[in-house]
1. Keeping to segment 332-365, report how many residues are open to solvent by less than 10 Å² (accessible area, probe 1.4 Å), outside any helix (DSSP H, G or I) and under 16 Å from residue 401 (Cα atoms).
2. Mind checking which residues of segment 490-505 are small (Gly, Ala, Ser) and open to solvent by 10 Å² or more (accessible area, probe 1.4 Å)?
3. Which condition number in (1) assigned to a helix (DSSP H, G or I); (2) touching a Pro at 6+ places or on another chain (Cβ under 8 Å); (3) over 18 Å from residue 501 (Cβ atoms); (4) open to solvent by less than 30 Å² (accessible area, probe 1.4 Å) is the one that residue 410 fails?
4. Among residues belonging to segment 559-597 that are free of Cβ contacts under 8 Å to residues at least 12 places away in the same chain and not in a helix (DSSP H, G or I), point out the one that is surrounded by the fewest Cβ atoms within 10 Å (Cβ to Cβ).
5. I need the full set of residues from segment 275-294 which are hydroxyl-bearing (Ser, Thr, Tyr) and open to solvent by 10 Å² or more (accessible area, probe 1.4 Å), in order please.
6. Since residue 525 meets every condition but one in (1) in a helix (DSSP H, G or I); (2) of a type in the set (S, T, N, Q); (3) at pLDDT below 60, which condition does it not meet?
7. Here are 150, 126: which of them is closer than 16 Å to residue 41 by Cβ and among the small types (Gly, Ala, Ser)?
8. So which of 361, 259 is under 20 Å from residue 593 (Cβ atoms), in contact with a Leu (Cβ under 9 Å, 6 or more places away or on another chain) and not aliphatic (A, V, I, L, M)?
Amino acid sequence: MRGCVAALATVAALASSPVLSGCSLLPWAQGTPSLIVPALWASPDHTESGIEPAGIIVDPSPDGGYGVDLADIAAEGAGKSWQAATAAAATTATLLSGTDPETVSIRYTVTGPIDGPSAGAILTVGTIAAIRGDLLKPGVTMTGTVSPNGAIGRIGGAKMKIGAAAAAGYSTVLLPVLNATLDQDAPDNATGDAVTYGKSLGVDVILVSNIKEAYIRFTGSPLLGTAMNPQALVTPVVTAAGMEQARTLARSALEAAATVTDPAQAARAAEKATGALNTSDPAIAYARAVDARRTAQQALAKQASEAAIARDGLPATAAAVSQEADELAEAAAAAVMVAAEGNVAGQGQIASLTASLHWLTLGEAYLHAATAVMDPASRASVVQTAMIVADQRISIEQIWPDSAGLIDISPKVPGVADHRRAAAFIDGYSGFLQRTGDANRAYLAQSLHLTDKQFATLDPLSRDKRIHAVVTWLADATSRRSAGRGQGQLPGALVDNAYAMSYAAMTSLEVDANQTRLSGQTESSLDWPVTVDEVTNGLWLTQALAERSLGRGIAVPATVWAARWAAELPAAAAGDELQTAETVLAAREMWFTVIATAMLDAIKNPYSETQG
């Protein structure tokens, strides 16, 4: 063990040796588990690759947070890339290990090149192992991005990284399942199979889709089990109420479809709404109803805005759309405050509230962003903005009230006895999420090589420009709210957390999108082609964490319900023009349900009334 301590102290001099994987749990100071993981890297032009020994230091600390030692870093500009990888790792490891971020300090050290967020997955596994005291298997390395819901994302340079592992003597490489086909990385410009290519080099390539799969491969220990009784996680009263909400929303979609003038759009929305009404499964019914309402609402917004332009002119219509967006954003902001001040007494209710407020905070952000980037002299831009406003109206005026209604009928016990301590815990998590958002945003600015001024020159119709505006607005909103932390007021802490959670989630989404761009899978810099596997992974993790909390007597039926209906969205829109959008919406919802249930898991029930 002393040899491993020396290795950490002299990480710059270490060779890329497979024994590094075994240098785990280094107690070089009492209560300070630390280890080294072998992070695979490849240069952006795929001409060089190797393994960088990355040190992970976990300390019990009242301050919390995470930091980076970039001494002698070799790759120019790698600082932001490394910070993005460590931010993702620290966030995900904290969530999945059930750790209060204010009680642990996580530090990372590196002395050589790291090629962006693709080290996130191995750093996450290493950080969880350091927190839990698990040993890492020798001869194993990994590459992949990581999301807060534990999904492992696509990377670039897969062929180069497998070759680097083989050259360094590693026997096993864990690779994202999305990199199963080497595509442009394949030898001789031919499509290649990663597993077969690994075998040709004497390396066992194992495809993984989430941290759960990677962790047991790396340590031999399970991370989280599958919920043994998922049906018990949603109470009958919540299930019944959810079914009634689905029927109400489906009937609303049918009424809206009847006023759509485009025959094809009207028929599609009506068919979806009818399917929701004829479905006996509540989660499927609600997903179909949401999809039907969104389909009808966007068609109505398009026809209404085009009619207004023809009747009133483009400038007047642009002004009206902008005013509508501003008024709806104000309503969303007010609703956040009302919800935080409301009669939410139970620990489970508070956790569900943190998971659901994003329908308001993200709605507010999208509305402000839409008007900020709208070109009032462009017909297409004004119509697009009107459709965005209509879509956010569904989130704010229909999905959010439904979510709030289910939270209201969720168990109110155990309650929160000490509101100041609960507020301090939530404040700590908000600061943690804000640091994650800041690190992600800094990486994106560097990786995309676009300043705020350059983003301003992008086409107003581009998703890149709109999402940049969303992230910028959330960063500012989170920063403004952070000034009120530490006041000991639970409502204020909940409001702050709602914006910080949205900021961390949206920036993490865009880091994933950018990594996909860098791997050559999409031309757009911020497109995010999510897979149904990511949605399924989020549902598993939400239910596993919820079951662990239920074992402590804390139920979150509204949160599990949200994850379940969201998981049905991709199927509800299968073969439709909204399928990609609904899949992204589902994956995004999973991020919030995972973060909320992980926060609850970290409390360890210290504020219940039974404990005083």
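1. 1
2. Within segment 490-505, 492 is the sole residue that qualifies.
3. Result: residue 410 fails condition (1) only.
4. The qualifying residue surrounded by the fewest Cβ atoms within 10 Å (Cβ to Cβ) is 575.
5. 279, 280, listed by residue number.
6. Result: residue 525 fails condition (1) only.
7. Of 150, 126, the one residue that is closer than 16 Å to residue 41 by Cβ and among the small types (Gly, Ala, Ser) is 126.
8. 361 is the lone residue from the list that is under 20 Å from residue 593 (Cβ atoms), in contact with a Leu (Cβ under 9 Å, 6 or more places away or on another chain) and not aliphatic (A, V, I, L, M).
The values are calculated or read from the model by the stated rules, or taken from the named source; none is laboratory data. These numbers come from a predicted model, not from an experiment. Please note: Cβ atoms are built from the backbone with ideal geometry, for glycine as well, and neighbour counts cover all protein chains shown. To get the accessible areas, we keep the full protein, side chains included, count just its heavy atoms, and leave off ligands, DNA and RNA. Shrake-Rupley method; radii C 1.70, N 1.55, O 1.52, S 1.80 Å.
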